1. Please tell me if residue 59 is within 11 Å of the chain's Cα centre (by Cα), more than 17 Å from residue 5 (Cα to Cα) and surrounded by 18 or more Cβ atoms within 10 Å (Cβ to Cβ).
2. Which of the strands (runs of 3 or more DSSP E) found entirely inside the range 1-107 contain at least 1 residues meeting this: modelled with pLDDT under 85 and not charged (D, E, K, R)?
3. Sort out which residues of the range 108-122 are farther than 21 Å from residue 54 by Cβ and either in a strand (DSSP E or B) or polar (S, T, N, Q) (or both), and write them in order of number.
4. Can you give me the number of residues within the range 88-133 that are aromatic (Phe, Trp, Tyr) and under 12 Å from the mean Cα position of the chain (by Cα)?
5. Identify the residue in the range 123-133 that is in a loop (DSSP other than H, G, I, E, B) and out of contact with any helix residue (DSSP H, G or I) (no Cβ under 7 Å at 6 or more places or on another chain) and, among all such residues, is nearest to residue 59 (Cα to Cα).
6. Anything in the range 10-55 that is in contact with a Pro (Cβ under 7 Å, 6 or more places away or on another chain) and under 14 Å from residue 83 (Cα atoms)? List them, or say none.
Amino acid sequence: MSMCAAKAHGTVWCWGLRLVEGKPVVVRTPERAEGFLGPVVAVASSGYSSCALEASGTVECWGLSKVVTGIPGLLPASVPRGAPVGLPPTQALAMWDERVCAIDTTFVARCWGAPLLGDGSSSAREVPTLVAW
């Protein structure tokens, strides 16, 4: 399991199982995570992956799961690699069991990752998909 937290000044600190130079490593004390586009206001972690919500509304994800990055074909990464495809500015973020959901600034929910995302399908989604309310 990996855990991350955002500090008040916008930095992210992570511990637990992390990717270091492409290999899983146990990190016993918080280490600063680098590579964000801007200051981070919230972080969500689940399993071996994490996502950060930046002050700009951009979401960036990283970790051992390739499905939570929101970027098709992207391999697992130790640092964030850009925003999920098609995700508008976001105000809230949640993760659970290789699934990510984001609420945008117009209160529309989009989820991606492992199956059962609220879109009526039982398929995994590599990109943010509208939740069917």
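1. So residue 59 does not fit the description; no.
2. Counting at least 1 such residues, we get 2-6, 12-20, 23-33, 59-63.
3. Across the range 108-122, the qualifying residues are 121, 122.
4. Final tally of qualifying residues: 2.
5. 131
6. 35, 36, 52, 54, 55
The values are calculated or read from the model by the stated rules, or taken from the named source; none is laboratory data. Note that this is a predicted model, so its numbers are computed, not measured. Here the Cβ is made from the backbone with ideal geometry for all residues, glycine too, and neighbour counts use every protein chain on show.
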